[in-house]
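Below is one structure; the comments refer to it alone.
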2 protein chains.
Amino acid sequence: MTSDIGFQAALEEARKGAAEGGVPIGAALVSADGRILGRGHNMRIQKGSAIIHAEISALDNAGRLPASEYKGATMYTTLSPCDMCTGACLLYKVMRVVIGENKTFVGGEEYLKSRGVELEVLDNTECKELMAKFIREKPSEW
Amino acid sequence: MTSDIGFQAALEEARKGAAEGGVPIGAALVSADGRILGRGHNMRIQKGSAIIHAEISALDNAGRLPASEYKGATMYTTLSPCDMCTGACLLYKVMRVVIGENKTFVGGEEYLKSRGVELEVLDNTECKELMAKFIREKPSEW
Ligand SMILES: [Ca+2]
Ligand SMILES: [Ca+2]
Ligand SMILES: [Zn+2]
Ligand SMILES: [Zn+2]
């Protein structure tokens, strides 16, 4: 399943973020034919960044690609995407967004659907536990 | 007028982008009380970046700010914001977006309005000329 490699990459990124003491959210952008184009995790705490969310990091690490590379791509993210990351998926015309969980936070899911993006929510336990631990330990950072 | 310092900063950023051979789009984030919190320009060509649009650059350069700093803020941008930058304005709850021009491109204006963000379009000649020159000289980059 294509979804496996992308989701596993996103989850590994979230774990890296947790190990760094950061917001444990990871993402991976996977091409229509199953290649990981970019992956990354939220760097708000590590870099004091207002913009490097997980999905932005994955797009950043993918670099500047021809439009054909984004065509049919899937964005995997461990948490429901915020408005900025929702917009980034729309800008790059990602076909599908696979979300690890949306119990901790619900972002632009309805807007993505209204713009024709397919959504899948996995309700993954580890994704929820990573966020729960982070919020418990660093409530002021969430 | 508060709008003057923000728009002038955005326009100066767009000119810098042009001088660097980049996409000539600039932005500035201005607080409710008229301070420039951050400013920047599109770095797609200069940094090979898929994410450093003008508005993202302005938010990045502003750094991590307390929510109170964004409250009532205005984002000035020389060109109508794309979906990603639209989402970034929503994430940070910018109150108003002032757009230099929207003849070259129309981004998420309707969505911003639907989410309660005030919009102002200046239809500024220099903003349009900067983009026209860029598109004429580097059509494959636009
Ligand atoms: Ca994030
Ligand atoms: Ca831009
Ligand atoms: Zn985000
Ligand atoms: Zn943009």
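The values are calculated or read from the model by the stated rules, or taken from the named source; none is laboratory data. The structure displayed is predicted, hence computed values, not measured ones. All Cβ positions, even for glycine, are placed from backbone atoms using ideal geometry, and neighbour counts span all protein chains on display.
Structural remarks
- Residue tally, condition free of Cβ contacts under 8 Å to residues at least 24 places away in the same chain and either within 16 Å of ligand 4 (Cβ to nearest atom) or within 13 Å of chain B (Cβ to nearest Cβ) (or both), over the range A:115-132: 1
- The set of residues from the range B:69-89 being among the hydroxyl-bearing types (Ser, Thr, Tyr) and at the interface with another protein chain (Cβ under 9 Å from one of its Cβ atoms) comprises just one member, B:Thr86.
- Selection within the range A:84-114 - more than 16 Å from ligand 4 (Cβ to nearest atom), of a type in the set (D, E, K, R) and surrounded by 13 or more Cβ atoms within 10 Å (Cβ to Cβ): A:Arg96, A:Glu101, A:Lys103, A:Glu109
- Positions within the range A:103-120 being among the hydrophobic types (A, V, I, L, M, F, W, C) and in contact with a Ser or Thr (Cβ under 7 Å, 6 or more places away or on another chain), in sequence order: A:Phe105, A:Val106, A:Leu112
- Across the range B:64-77, a minimum of one residue is classified as buried (at least 19 other Cβ atoms within 10 Å of the Cβ), in contact with a strand residue (DSSP E or B) (Cβ under 8 Å, 6 or more places away or on another chain) and hydrophobic (A, V, I, L, M, F, W, C).
- Of the helices (runs of 4 or more DSSP H) entirely within the range A:1-68, those holding at least 3 residues that are more than 14 Å from every other protein chain (Cβ to nearest Cβ) and more than 16 Å from ligand 1 (Cβ to nearest atom) occupy A:2-19.
- Check on A:Ile45, modelled with pLDDT of 95 or more and out of contact with any strand residue (DSSP E or B) (no Cβ under 7 Å at 6 or more places or on another chain): yes
- Check on B:Cys85, within 28 Å of A:Asn42 (Cα to Cα), at pLDDT 95 or above and in contact with a His (Cβ under 6 Å, 6 or more places away or on another chain): yes
- Residue in the range A:61-73 that is closer than 15 Å to A:Glu13 by Cβ and either within 15 Å of ligand 4 (Cβ to nearest atom) or β-branched (Val, Ile, Thr) (or both) present: no
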